[in-house]
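Data block below; observations after.
Rule-based calculations on the coordinates, nothing more; no lab input. Quantities reported herein were computed from a predicted structural model and do not represent experimental measurements. Cβ atoms come from the backbone with ideal geometry, glycine included; neighbour counts cover every protein chain shown.
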Ligand SMILES: [Fe+2]
């Protein structure tokens, strides 16, 4: 039995070099829809590195992609300077890349202007991060840039890169699957416990994501089945900036757990420490981002993240309503504008449903933000007994025609039978069996 292995997981750092500009109208417009705190990501990551450096016993740090904000070369160089601090202290850092690391839209911001800056090519990633995983790989796939490391005797980590072979993010090609199979077989032959790291979650992170493209790998059911049946029990993922742990059991009875972790640079601002106890259990702990050196206008770290998250939700709702206004008549236009300010009580009254006193004066958009905050933080509190759950169900129960139309449209788009009400209620209640933040998983 191998000795215990501990490691940190920090997906979606989205590091942005601050000298590229963090003020002015162009920058403010750019970050309006962002949940990540681009302007403070450098200060945040520095504080996270300090925190990890204070842990003298944990050596391994895994970074599952979206390392840079929008692929700026300068952001990569600046991030690597922070990673060097970890390496200099004897830590081993392993990265994979994802969509925001290259071929993105790298810009600096100067007043009203967005100015293109040097970006990064995918072919440059391996050289840039040679000291951070690729250089120590015991197996490397040149097609996908996936690789295997052995951080400690008895453990192999599959760093699976599925960020866009054929320009299709989240695609596990036949080639990649064959490569993974070969690596797992070799690890087993060598008596090593093997687990995987990917950017894209294998499993939908909550029920409503089941049919959202790029919120999980393509053909997720068959990929989950393949991984579970070749003997991978644990996958650590990112991409969705959410705290979520999910479980899949293949028809052959093999179990796969997907542990998706949020970004340290945006709500809920967590990273994880995992300890594998002799390959028999996985202890998973979520760690809040520590205090960092940035003017947050008096807000605590968690309030700062949450305020940004809510502002981004409101901005997206407003943009959606603006978009939907095209081609509407004056009355419909007025109704959509009103929806932005409407309370839950008034919206429910339009379908002759009485909202609970505890939420009737809450604006609909605030309730939407509350629900998203709860889901993204993990372990959402809206069980079927709560007023919020009852009222969401009550409201959806009064709009059968709209529901049928939406279900038909989603079913047509996805080729599956969709019941939106069921998906929404399952998502807000966190009805799945596993905790999202702190848990112990028993392994085979
Ligand atoms: Fe990301």
Can you sort 145, 321, 77 from fewest to most other Cβ atoms within 10 Å of each residue's own Cβ? 77, 321, 145
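Please give the calculated 222 nm ellipticity per residue for the chain, where each DSSP H segment of at least 4 residues contributes -39500 (n - 2.57) and the sum is spread over every residue; nearest 500 deg cm²/dmol? Could you put the intermediate results ahead of the total?
Values: 13 runs with 163 residues, N = 444.
Dividing the helical sum by the residues of the chain leaves -11500 deg cm²/dmol.
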Beta bridge orientation in the chain: antiparallel %, DSSP, nearest 5: 65 percent
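If packing is taken as the average number of other Cβ atoms within 10 Å across a peptide's residues, how do 131-138, 59-66 rank, most packed first?
Details: 131-138: 17.1, 59-66: 24.8.
Final packing ranking: 59-66, 131-138.
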So for the stretch 345-444, using the alpha carbon gyration tensor with a ≥ b ≥ c as root eigenvalues (a/c under 1.5 gives rounded; past that, a/b versus b/c decides prolate or oblate), I'd call it oblate
Rank these for me by crowding, 205, 31, going from fewest to most other beta carbons within 10 Å. 31, 205
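Shape verdict for the stretch 103-159, please, from the Cα gyration tensor: rounded (a/c under 1.5), prolate (a/b greater than b/c) or oblate.
Working: a/c = 4.02, a/b = 2.93, b/c = 1.37.
Prolate is the answer for the stretch 103-159, as a/c is 1.5 or above and a/b outweighs b/c.
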How far is the Cα center of the stretch 219-257 from the Cα center of the stretch 336-408, in Å? 31 Å
Just need the relative contact order of the stretch 301-429 here, percent rounded to a whole number, with Cα pairs under 8 Å and 6+ apart. 21 percent
Would you kindly state how much longer the chain becomes between residue 424 and residue 362 on full extension, computed as 0.36 nm times their sequence separation minus their alpha carbon distance, in nm to one decimal? 20.4 nm
For helix 174-189, report the angle its Cα long axis makes with the longest principal axis of the Cα atoms of the chain; keep it between 0 and 90° and round to the nearest 10°. 50 degrees
Can you tell me, using C-alpha contacts under 8 Å and at least 6 residues apart, the relative contact order of the chain as a whole percent? 16 percent
Taking a ≥ b ≥ c as the square roots of the Cα gyration tensor eigenvalues, with a/c under 1.5 meaning rounded and otherwise prolate when a/b beats b/c or oblate if not, the stretch 5-294 comes out prolate
Fewest first, what order do 419, 112 take by the number of other Cβ atoms within 10 Å? 112, 419
Helix 330-341 against the longest principal axis of the chain: what's the angle in degrees, Cα atoms only, rounded to the nearest 10? 60 degrees
Would you please state which residues of the stretch 41-66 a label at residue 23 would reach in this model, taking the label point 7 Å out along Cα→Cβ and a backbone N cut-off of under 17 Å? 41
Quick one: helix 400-414 against the long Cα principal axis of the chain, what's the angle to the nearest 10°, folded into 0 to 90? 30 degrees
Give the peptides 265-278, 284-297 in descending order of average Cβ contacts within 10 Å, highest first. 265-278, 284-297
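Between residue 222 and residue 302, what length comes free when the chain is fully extended (0.36 nm per residue of separation minus the Cα-Cα distance, one decimal in nm)? Don't jump to the answer; show the numbers that get you there.
Details: separation 80, 0.36 × 80 = 28.80 nm, distance 3.76 nm.
Going from the current span to full extension adds 25.0 nm.
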Extension reserve of the residue 293-residue 177 stretch, reckoned as 0.36 nm per residue once the Cα distance is removed: 37.4 nm
